[in-house]
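The structure under discussion appears below in the form of structure tokens.
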Amino acid sequence: MTYKLYNAPQSTCSQRVRFVLNTKQLPYEEVRLNLLAGDQLNPDYLKLNPNGVVPTLDHDGQIVIDSTVITEYLDEVEPEESFTPEDPVKRAHMRALMHFIDEMPAAAVRVPTFNLAFLPNFQKMSREDFVAMAESKPLRKEFMMSMGQTGFPKAEMDAALARLRRAWERMEAEIEASGGPWLLGKDITLADVAVMPALVRMDDLGMPDWQDLPRVKTWFDNIRAHPSFKPTFYEGSLLSEKFPHLRERQAKSA
Ligand SMILES: N[C@@H](CCC(=O)N[C@@H](CS)C(=O)NCC(=O)O)C(=O)O
């Protein structure tokens, strides 16, 4: 059984998969793609993942794409250290939360990420190069074009932050209803893994907008104390480690 993970250190979707692989203590070969250089758009990679995004898992030659699908797949083929409740009703609840997470915080977090971290890179490009790069992205062409080289306008940034805030409030309510400390109760599930990188990212960007939500605060402390957290967020996994201007933001929010 061999696992090869095509991913990127700072990619939130990749971090979900690394967390599951690490918890299950599955050895894996990591292929690191440089997303700003466009490695994910190379024809050979597109044959594996026609969406032109990371992560992609190669399991003995079988290709599995999409981070939530990969984490569910891993939990099926490697059931030790399970992240999936046995009770079908709870399992359905977990999956519903994973859909919510992909639609709300995981999508919204891209707006502050691109505006605050990546925009300076895109501003250095000529208009022609920028448009060509955007056009080459199977999944994110429109997203890139609506950001443009001046960034998402304030209204769009505010809307993304409001969506994130509603996601943290939903987390607070879910933890309260389940009794915590995790989203579905006493056991960590794939829903916790799915939302984790969005909180880590917003903390890294200096906008941890959940300080008044006690259960989310404790959840965040707990996930950071999890034994798989450090190996998942190895050196170079945070944007603030790559972009010095983000360290200043982070210092201000501390
Ligand atoms: N639904 C996909 C989304 C994957 C995705 O958006 N990956 C980002 C990094 S987190 C990416 O590869 N972006 C490259 C790009 O925008 O060109 C998943 O969960 O795997």
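The values are calculated or read from the model by the stated rules, or taken from the named source; none is laboratory data. Remember, it's a predicted structure, so these values are computed and weren't measured experimentally. Here the Cβ is made from the backbone with ideal geometry for all residues, glycine too, and neighbour counts use every protein chain on show. Surface accessibility is based on the protein's heavy atoms, side chains included, excluding ligands, DNA and RNA. Shrake-Rupley method; radii C 1.70, N 1.55, O 1.52, S 1.80 Å.
Numbers at a glance
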| read-out | value |
| --- | --- |
| For region 44-179: rounded, prolate or oblate by the Cα gyration tensor [a/c cutoff 1.5] | oblate |
| Potential lengthening between Asp87 and Asp44 on full extension [0.36 nm per residue; Cα-Cα distance subtracted] | 11.4 nm |
| Residues of region 120-203: accessible area per residue with a 1.4 Å probe, Å² | 47 Å² |
| Region 106-225 shape via C-alpha gyration tensor axes, a/c threshold 1.5 | prolate |
| Distance from region 27-50 to region 172-226 (C-alpha centre basis), Å | 30 Å |
| Environment charge at Met144 (Cβ cut-off 13 Å; Lys +1, Arg +1, Asp -1, Glu -1) | +2 |
| Among Leu190, Val54, Leu35 the positive-end extreme of the charge dipole of the chain (Cβ point charges) | Leu35 |
| Length-normalised contact order of region 182-254 in % [C-alpha pairs under 8 Å, at least 6 apart] | 35 percent |
| Computed magnitude of the charge dipole of the chain (debye, nearest 20; Cβ of K, R +1, Cβ of D, E -1) | 800 debye |
| In sequence order, calculated HN-Hα J values of region 176-182 (Karplus, 6.51, -1.76, 1.60; Hz; x Gly/Pro) | 4, 5, 7, x, x, x, 9 |
| Highest-fluctuation residue, Arg95, Arg18, Arg127 considered, GNM on the chain with Cα pairs under 10 Å | Arg127 |
| 5 angstrom amide H check on Leu184, placed H, neighbours 5+ away | Thr189 |
| Within region 159-208: Cβ-based charge dipole about Cα centre, in debye rounded to nearest 20 (Lys, Arg +1; Asp, Glu -1) | 200 debye |
| Region 61-69 - phi-based ³J(HN,Hα) in whole Hz, Karplus 6.51/-1.76/1.60, Gly and Pro as x | x, 8, 9, 10, 10, 6, 4, 6, 5 |
| Amide hydrogen neighbours beyond the local backbone of Val31, cut-off 5 Å, H modeled | Leu5, Tyr6, Asn7 |
| Accessible surface of the chain [probe 1.4 Å, protein heavy atoms]: carbon and sulfur percent | 52 percent |
| Given Lys137/Lys252; Lys154/Lys217; Lys4/Lys252; Lys230/Lys252, the pairs whose alpha carbons are separated by over 32 Å | Lys137/Lys252; Lys4/Lys252 |
| Cα gyration tensor category, rounded, prolate or oblate, for the chain with a/c compared to 1.5 | oblate |
| Given charges at beta-carbon only (K, R positive; D, E negative), |dipole| of region 1-80 in Debye | 280 debye |
| Top positive-direction residue, dipole computed over region 160-214 with Cβ charges, set Leu199, Ala162, Pro181 | Ala162 |
